[in-house]
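Enquirer: Could you have a look at this structure, given as structure tokens, before my questions?
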Amino acid sequence: MGKLREEIRQMTAIDAHCHPFLPNEVLNYHEFARSFSLTVLGPGSIVEDPRCGSGTVLQEFLLCQLSRLLDCRDLPDEVMERRNGLVAMGNQYTRLLFADAGLAGLVVDSGYPQPTIDLDDFRRRVPVPAWEVYRIEPLLQELLQEQVDFYSFESRYQEGIERALGAPGCVGLKSIIAYRTGLNVGVPCREEAERAYTAWQKDPSASLKTLRDYCLLKAFVACRETGKVMQVHTGAGDSEIHLATARPELLYEVLTTDPYRRTRTVLVHGGYPWTREAAFMVSVLENVYLDLSLISPFATFGVAKALEDVLAIAPVSKVMHGSDAFRLPEMNWVGALYTRQALAAVLGRLKGEGAISLKFALTAAEAILSGNAKTVYRLGSWGCENHE
Ligand SMILES: [Zn+2]
């Protein structure tokens, strides 16, 4: 177990789903702790001081791990003083975190936060290559506001996604249709989409579901034609998610229908908490994969449980590490720590039971941490020249 844990600690990791963050800021502990929350509906779920017995396991883990990294006591004020001292020195702090987590690359959904963070600027601030995944919903929003006719809407949407896919370092498209009209995506024809669009122009309270479904399917096709990846948000997200229609199984019809089933598709967040559904889907659908983002770090010690559910049925080649980091580089860092911990726990236990060999355990860990992301997203050497 010790050997396996150590070997896993030495492996590099690619964060296969995260978001760009703003330049590091000096924060007090209250602000820092609140950043590790999926609540966007105002104050509520998170209490800040773990030493009062009221914080989260994630906040406690952060204090313990930061005190190790920054070589101080695990007291909120001491940890923050060390952290803020490094933050004030520029990008050095991000370099320290990424080195500790063994992070070697990021696949970044540039559509969050809004307004967007300039990716070229972000790339200058992180010590590893950052490949882009382009989110379709902000483009749709922009085009809807223009109130053009359906023909112009459709052609400009098509041009927009093709332009995005053609940008250097862009490896795919992303959809958050689970936040809009749900994953119960149908397969509407062009006439149905046009009818929905025209109805919405006459009455803005009319449903855009048919149009959104139609546009999502166009994104699937564009990804397939360019050999790129379609990321679909599944399961939990921030507190604005429509949880009732976020189950990954709702996408099953599309993922088994030609030509969409031929697009390499990633179920982002592994459908959490419907992780077993997502794992089953990737086990039976040739071009469908999942990542562990959001699960790691937000499910904390439960990352191991989720990983266990996934690996019970899914091929190891279908599973990727991710963090869903969105505000601070500590999120990328702590996500990688949790995934490594979970890999060591689950693979170590299976090896101890004689269920797998050490060789299988090491191969699986390497694949999940970085190998699968390289293969699925076809991450070449783009961006690597700046980060020797
Ligand atoms: Zn995300």
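All of the numbers you see were taken from the coordinates with simple rules; none came from a lab. As the structure is a computational prediction, the values presented were derived from the model and not from experiment. Positions of Cβ are backbone-derived with ideal geometry, glycine not excepted, and every protein chain shown enters the neighbour counts.
Enquirer: Kirkwood Rh and Cα-based Rg: tell me the resulting Rg over Rh for the range 316-388, rounded to two decimals.
Expert: That ratio equals 1.04.
Enquirer: Got a sec? How would THR56, THR257 order by Cβ neighbour count within 10 Å, fewest to most?
Expert: Result, fewest neighbours first: THR257, THR56.
Enquirer: Can you compute log10 of I(q)/I(0) for the chain with the Debye formula, treating each Cα as one identical point scatterer, at q = 0.08, 0.12 Å⁻¹?
Expert: -0.41, -0.92
Enquirer: Sticking with this structure for a sec: Can you classify the range 260-364 as rounded, prolate or oblate using the Cα gyration tensor, where a ≥ b ≥ c are the square roots of its eigenvalues, rounded means a/c under 1.5, and otherwise it's prolate if a/b beats b/c and oblate if not?
Expert: It comes out oblate by the Cα gyration axes.
Enquirer: Return a whole-number percent for the relative contact order of the range 116-200, with Cα pairs under 8 Å and 6 or more residues apart as the contact set.
Expert: With pairs under 8 Å counted, the relative contact order is 35 percent.
Enquirer: Given a cut-off of under 8 Å on Cα pairs at least six residues apart, what relative contact order in percent is computed for the chain?
Expert: 22
Enquirer: Taking amide H positions as placed in the peptide plane 1.01 Å from N, state which residues far from TYR289 in sequence (5 or more) or on other chains have amide H under 5 Å from it.
Expert: Amide H to amide H, under 5 Å and 5 or more residues apart or across chains, TYR289 pairs with THR265, VAL266, LEU267.
Enquirer: Further question: Quick one: 3J(HN,Hα) in Hz for the range 132-146, Karplus 6.51/-1.76/1.60 with θ = phi - 60°, rounded, Gly and Pro as x.
Expert: The phi angles translate into 9, 10, 9, 8, 7, 5, x, 5, 4, 4, 4, 5, 4, 5, 7 Hz.
Enquirer: Magnitude of the Cβ-charge dipole of the chain, K/R +1 and D/E -1, about the Cα centre, nearest 20 debye?
Expert: Charge dipole, the chain, about its Cα centre: 920 debye, nearest 20.
Enquirer: Quick one: check the C-alpha center-to-center distance for the range 80-95 versus the range 106-167, whole angstrom.
Expert: 31
Enquirer: How long are the three semi-axes of the equivalent ellipsoid of the range 182-291, in whole Å, if each is the root of 5 times an eigenvalue of the C-alpha gyration tensor, listed from largest down?
Expert: Semi-axes, largest first: 25, 18, 11 Å.
Enquirer: Which value does Rg/Rh take for the range 52-197 over its C-alpha atoms, Rh per Kirkwood?
Expert: 1.13
Enquirer: For Cα pairs less than 8 Å apart in space and 6+ apart in sequence, what is the mean separation divided by the residue count of the range 187-254, i.e. the relative contact order in percent?
Expert: Once divided by the residue count of the range 187-254, the mean separation gives 24 percent.
Enquirer: Give me a comma-separated list of calculated 3J(HN,Hα) values for the range 90-98, in order, Karplus coefficients 6.51, -1.76, 1.60 applied at θ = phi - 60°, integers in Hz, x for any Gly or Pro.
Expert: 3J(HN,Hα) across the range 90-98, in whole Hz: x, 7, 4, 5, 4, 4, 4, 4, 5.
Enquirer: Let me ask you something else. Computed from the mean reciprocal separation of all distinct C-alpha pairs, what Kirkwood hydrodynamic radius does the range 178-243 have, in Å?
Expert: 13.1
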